[in-house]
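Asker: One structure is given below, represented as structure tokens, and several questions about it will come after.
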Amino acid sequence: MPKGGQVVRTGAGIAALSPDAWDACAGTANPFLSHAFLSALEESGSATSRSGWQPLPILIDGADGRLAAAMPAYAKSHSQGEYVFDHAWADAWHRAGGEYYPKLQIAVPFSPVPGPRLLTRDPALAPALIAGAEALVEQTGMSSAHATFIDPAEVPMFEAAGWLIRTDRQFHWLNRGYASFDDFLDALSSRKRKTIRKERAAAVEGLRIEHVTGAELTEAHWDAFWHFYQDTGSRKWGRPYLSRRFFTLLGEHLADRVLLVLAYRGEEPIAGALNLIGADTLYGRYWGCTEDVPFLHFELCYYQAIDAAIARGLSRVEAGAQGEHKLARGYEPAATYSAHFIPHAGFRRAVADYLDAERRAIAENIEMLAEMTPFKRG
């Protein structure tokens, strides 16, 4: 696919590419974009054509023959595991007699984690990656392309290419120079401070909390967490997205970026939360339990994450999609962005009108929620 003097190609998968070459484009700040994470999804059978995630990374080689730019992209045969919901779009397309699937998804599978999608050693190549995605859609007859949870800095680049921008919101905790969890609590209103202290005390009564990372991680830890993850996944999605082997590969190749928070009753693990450690952010991903303990979800997923972020000097915690209950725990609303390429003129107009109204509603919602945070006023 020649575009602007650059030859844009697609690969058969990220696992087949050189880890060093991919990571030179992706950088090291966000572990979800690393070769280790994305290749583990493929090698474990979690993100493959069989699961409806056919890897089709979009690639540009530099004059030196090395990979110079890349985009994590997948041909999707459904809309599961994306967290930016387009089911209504698919239904409308089908009612009009069209085929919405396959579509091109530019994303980290199963992970609503904001980050760059235009991975380059040379930022000047970013427009060629976008053009390459458009060409792939048009040449293969796919309905559309969707770049989800893009870095805010990439929004103008997609807009300049004519892609439609969609907004949503998550809840992130921001470290404003706190020296400890108590220091963070001091920034809250008295009532909220007391509530959180009560929740934490009730959650851990009779339990032992353990943080496991790096060389401390064992297959026994992953066996326990897999049990928790299966239970949560079965209730949320019908079946878990990730295979058991994925977690083994994660431990083998990204152990130092993993933080597993486990709750034990005696010697028995009863709950766990999985986090990945970025350069400046702690990313909360999955949680599960075998025993229903009041407030334990909040403790493992939110409060322990805050403890860990403060201890590591990280500036934020991103605890995944949705969840207005995070607001009362000191997490604040933050806008997220996606970009959508829809070649069909009529459908594009309909989606554009919908997104205009949705953006206004999201902006108003974020503004309203920001007034509901538990921090002291004045």
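Asker: Could you tell me whether segment 132-149 includes any residue that is modelled with pLDDT of 95 or more, closer than 29 Å to Glu371 by Cβ and within 27 Å of the chain's Cα centre (by Cα)?
Answerer: yes
Asker: When you go through Ser46, Ser79 one by one, which is the residue that is part of a loop (DSSP other than H, G, I, E, B), out of contact with any Pro (no Cβ under 9 Å at 6 or more places or on another chain) and open to solvent by less than 20 Å² (accessible area, probe 1.4 Å)?
Answerer: Ser79
Asker: Just the residues that are in a strand (DSSP E or B), closer than 16 Å to Val108 by Cα and open to solvent by less than 10 Å² (accessible area, probe 1.4 Å), please, taken from segment 65-76.
Answerer: Correct list: Ala70, Met71, Ala73, Tyr74, Lys76.
Asker: So which residues in segment 55-64 are closer than 12 Å to Val7 by Cβ and either open to solvent by less than 30 Å² (accessible area, probe 1.4 Å) or part of a loop (DSSP other than H, G, I, E, B) (or both), if there are any at all?
Answerer: Result: Ile58, Leu59, Ile60, Gly62, Ala63.
Asker: Can you name the helices (runs of 4 or more DSSP H) wholly within segment 213-318 that have at least 1 residues being touching a Lys or Arg at 6+ places or on another chain (Cβ under 9 Å) and farther than 26 Å from Ser46 by Cα?
Answerer: Filter on segment 213-318 gives 304-312.
Asker: Let me ask something else. Quick one: is Arg285 open to solvent by 10 Å² or more (accessible area, probe 1.4 Å), of a type in the set (Lys, Arg) and closer than 21 Å to Ala29 by Cα?
Answerer: yes
Asker: Can you find a residue that is modelled with pLDDT of 95 or more, open to solvent by 40 Å² or more (accessible area, probe 1.4 Å), of a type outside the set (Ser, Thr, Tyr) and touching a strand residue (DSSP E or B) at 6+ places or on another chain (Cβ under 8 Å) anywhere in segment 320-328?
Answerer: Within segment 320-328, not a single residue is modelled with pLDDT of 95 or more, open to solvent by 40 Å² or more (accessible area, probe 1.4 Å), of a type outside the set (Ser, Thr, Tyr) and touching a strand residue (DSSP E or B) at 6+ places or on another chain (Cβ under 8 Å).
Asker: A further question follows. Only one of (1) more than 18 Å from the chain's Cα centre (by Cα); (2) part of a loop (DSSP other than H, G, I, E, B); (3) aliphatic (A, V, I, L, M) is not met by Ala92, so which one is it?
Answerer: (2)
Asker: Might you check whether a residue that is open to solvent by 40 Å² or more (accessible area, probe 1.4 Å), assigned to a helix (DSSP H, G or I), under 17 Å from Ser243 (Cα atoms) and acidic (Asp, Glu) occurs anywhere in segment 26-42?
Answerer: Within segment 26-42 (the criterion being open to solvent by 40 Å² or more (accessible area, probe 1.4 Å), assigned to a helix (DSSP H, G or I), under 17 Å from Ser243 (Cα atoms) and acidic (Asp, Glu)), the answer is no, since none of the residues qualifies.
Asker: Right, next: Considering (1) within 30 Å of Glu134 (Cα to Cα); (2) open to solvent by less than 20 Å² (accessible area, probe 1.4 Å); (3) touching a helix residue (DSSP H, G or I) at 6+ places or on another chain (Cβ under 7 Å), say which one Ser338 fails and leave the rest.
Answerer: Every condition holds for Ser338 apart from (3).
Asker: Another one. Here are some residues: Thr373, Thr336. Which one is touching an Asp or Glu at 6+ places or on another chain (Cβ under 6 Å) and either over 29 Å from Thr28 (Cα atoms) or part of a loop (DSSP other than H, G, I, E, B) (or both)?
Answerer: Checking each option against the conditions leaves just Thr373.
Asker: Which of the residues that make up segment 186-196 are more than 18 Å from Leu314 (Cβ to Cβ) and either within 29 Å of the chain's Cα centre (by Cα) or aliphatic (A, V, I, L, M) (or both)?
Answerer: Leu188, Lys192, Ile196, listed by residue number.
The values are calculated or read from the model by the stated rules, or taken from the named source; none is laboratory data. Remember, predicted model here, so these are calculated numbers, not experimental data. Here the Cβ is made from the backbone with ideal geometry for all residues, glycine too, and neighbour counts use every protein chain on show. We work out accessible area using only protein heavy atoms, side chains counted, and drop any ligands, DNA or RNA first. Shrake-Rupley method; radii C 1.70, N 1.55, O 1.52, S 1.80 Å.
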